[in-house]
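One structure below.
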Amino acid sequence: MPVDETLATYSDWTYGAAVGVYVLAMLLSLVEQAFGRRKAAARELVGAGAPVEPADAEPAEQVETTTGSERAERFGRMSVSLIVLGALLHACSLLLRGLATGRVPWGNMYEFGATLSLAAVVTWLVLLRRFPIRRMSVWLLLPVILLMFLGGVVLYTTAAPVQPALQSYWLAIHVFAIALGSGMVLVPGVVSVLYLIKVRRPGWVTRLPAADVLDQVAYRTTVFAFPIYTAGVIFGAIWAESAWGRFWGWDPKETVAFIAWIVYASYLHSRATAGWRGGRAAVINIVGLAVMVFNLFFINLVVAGLHSYAGV
């Protein structure tokens, strides 16, 4: 099927527009992070056994002017609106790419990174409705913007049909599951980093949510992401048996993907059986994210293997 160059161009434009909107949303979130009221710190002090102030007293950490804090809150709400707009543009970019090439839009590393980033953003928007974590948006958008910038500048691939080896319905199933799971675990990885900073250097991040909230966000997101990622690994093994005649061949990419699976399985197992919470669990989650990043960049770009032709 010939490529529709017009749709491909529109896809590139909407991709760039999405990055621009995310950057603006990150800046507005940064304003809220810098100038919003530091309510979380006050609550944590009370929870830790500090004297409770009278109900009509203004906490010492809320001395900022009402006007300034309300303005910061307004910037935060604007940031969320822009994230939604960016996600819509992001999704349109992938849709147009798929229509232009007549296939699913995650057939190379550029498209895979775009799909992964969109999964992370959508996951974050869902979490925003359940947890008081809006001020953390700047820290989630930062890696997403970096991934999309690298994708658009370094990893960009002209819209084209995929190679014959990838012309299978498993491309739609396996790669999408891996991209969705990888994008979702990006969120708990970032949140776990913030958790460790929160508990070890509390003076640096007084405007972040309570440590317990961060721990719950990381855990619940991983609980949802892990089965999806597991399904992606299983689908990959089934595709490998169909394409290469064996379910597993210790190819570098599938090996590192399996290592990442073990790390996240260990994270969930340690919480369920040993009762690990807080710092130790956060470290495991961060290791899992590091393995995923290693697999995405080093294995794809440096190491040669059976997946090298795929570009994902």
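Given the structure, is Leu147 buried (at least 20 other Cβ atoms within 10 Å of the Cβ), touching a His at 6+ places or on another chain (Cβ under 9 Å), closer than 18 Å to Ala25 by Cβ and not acidic (Asp, Glu)?
no
Of (1) in contact with a Leu (Cβ under 8 Å, 6 or more places away or on another chain); (2) at pLDDT below 95; (3) assigned to a helix (DSSP H, G or I), Gln216 satisfies all except one. Which?
Of everything listed in (1) in contact with a Leu (Cβ under 8 Å, 6 or more places away or on another chain); (2) at pLDDT below 95; (3) assigned to a helix (DSSP H, G or I), Gln216 misses just condition (1).
Step by step: first the residues of segment 98-115, then only those that are surrounded by fewer than 21 Cβ atoms within 10 Å (Cβ to Cβ) and of a type in the set (A, V, I, L, M), then the one that is nearest to the chain's Cα centre (by Cα). Which residue is that?
Val104
Let me confirm something: among Ser11, Ser29, which residue is polar (S, T, N, Q), at pLDDT 90 or above and out of contact with any Lys or Arg (no Cβ under 6 Å at 6 or more places or on another chain)?
The match here is Ser29.
Can you tell which of Arg130, Arg135 is part of a loop (DSSP other than H, G, I, E, B), closer than 30 Å to Val213 by Cα and among the charged types (D, E, K, R)?
Arg130
Taking into account only those residues within segment 257-312 that are on the phi > 0 side of the Ramachandran plot and under 22 Å from the mean Cα position of the chain (by Cα), which is modelled with the lowest pLDDT?
This residue is Gly311.
Looking at the structure I just gave you, is Pro105 in a loop (DSSP other than H, G, I, E, B), touching an Asp or Glu at 6+ places or on another chain (Cβ under 6 Å) and either more than 22 Å from Leu30 (Cα to Cα) or modelled with pLDDT of 90 or more (or both)?
Considered against the rule, which asks whether it is in a loop (DSSP other than H, G, I, E, B), touching an Asp or Glu at 6+ places or on another chain (Cβ under 6 Å) and either more than 22 Å from Leu30 (Cα to Cα) or modelled with pLDDT of 90 or more (or both), Pro105 comes out as yes.
Of Leu125, Leu95, Leu85, Leu118, which residue is modelled with pLDDT of 95 or more, in a helix (DSSP H, G or I), surrounded by fewer than 20 Cβ atoms within 10 Å (Cβ to Cβ) and touching a helix residue (DSSP H, G or I) at 6+ places or on another chain (Cβ under 6 Å)?
On inspection, the qualifying residue turns out to be Leu85.
Tell me which residues, restricted to segment 134-190, are more than 18 Å from Ile83 (Cβ to Cβ) and among the hydroxyl-bearing types (Ser, Thr, Tyr).
The answer is Tyr156, Thr157, Thr158, Ser168, Tyr169, Ser182.
Tally up the residues in segment 144-180 that are more than 23 Å from Phe298 (Cβ to Cβ), of a type in the set (Gly, Ala, Ser) and not in a loop (DSSP other than H, G, I, E, B), please.
The number of residues fulfilling the criteria is 1.
Among the candidates Ala218, Ala179, Ala240, which residue alone is crowded, with 20+ Cβ neighbours inside 10 Å, farther than 23 Å from Arg103 by Cα and of a type in the set (Gly, Ala, Ser)?
Ala218
The values are calculated or read from the model by the stated rules, or taken from the named source; none is laboratory data. Computed from a prediction, not measured in an experiment: that's the story for all the values here. Glycine also receives a Cβ, built like all others from the backbone with ideal geometry; neighbour counts cover every protein chain displayed.
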